[in-house]
């Protein structure tokens, strides 16, 4: 039995990172400008009428949700386009015929997508410090949630990239499903503010668990327990891995 093809993993990972570096200024400018606009709209306009939420200044309160919104969309976008583009150009067969296992290919592509998402998340965090006084109570857990979320949704994006048959399908889930769920998942408010039955209904939104765990790492408060957040992330990653295993095993939309 051969060992892990580290050279092959590194080759794909390096190629994906170099592709991102060619648009580094766009990659940096977009989250910085978007973050500034969110703070102008939510922090200044709304925050002036809502001084605190859960004992935290509103400007600081929205930082985890703002980071999560960008991380989810970027993770899905980076990973989905990474595997869809070889399908679109017809070069996917070179990857499938290379001495590279399915596990190694997923590690390379998902690792690159997650790395880019983590970098963008940290850029947003640095940008936020120019607008609000930010204290991270649990920095280790913050980095852990940042990494786990980036990896989990990069896996999800990789699945979308394999499933999609067109660029329209590639964008439909992030734009019509993930983004609305994030806005309705307590990214810019606490679900404790909602009246029943809407608060109970919100608990069926998976993004609530992501935002809550991430916000807890910043401010020590969350809408659900940290254990629930970790359980959701673990289960979501397991489901994504199982789907990818099935896709590569059956060749679903990978082989004619």
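Laboratory data are not the source of any read-out in this text; all were calculated from the coordinates shown. Quantities reported herein were computed from a predicted structural model and do not represent experimental measurements. Here the Cβ positions follow ideal geometry from the backbone for every residue, glycine too, while neighbour counts run over all protein chains shown.
A few points about this structure:
- Rounded Å value of the spacing that divides the Cα centres of segment 55-89 and segment 98-113: 21
- Computing Rg and the Kirkwood Rh from the Cα coordinates of the chain gives a ratio, Rg/Rh, of 1.00.
- Put in order of Cβ neighbour count within 10 Å, fewest first, the listed residues 93, 39, 218 become 93, 39, 218.
- Angle in degrees between helix 24-38 and the longest Cα principal axis of the chain, rounded to the nearest 10: 30
- Dividing the summed helix terms, -39500 (n - 2.57) for each DSSP H run of n ≥ 4, by the number of residues in the chain produces a 222 nm estimate of -23000 deg cm²/dmol to the nearest 500.
- Cβ crowding within 10 Å ranks 16, 135, 168 as 168, 135, 16, fewest other Cβ atoms first.
- Residue order, fewest to most beta carbons within 10 Å, for 73, 234: 234, 73
- Compared with the dominant Cα axis of the chain, that is its longest principal axis, helix 139-163 is turned about 50°.
- Between 0 and 90°, nearest 10: helix 226-250 axis offset from the chain longest Cα axis: 20
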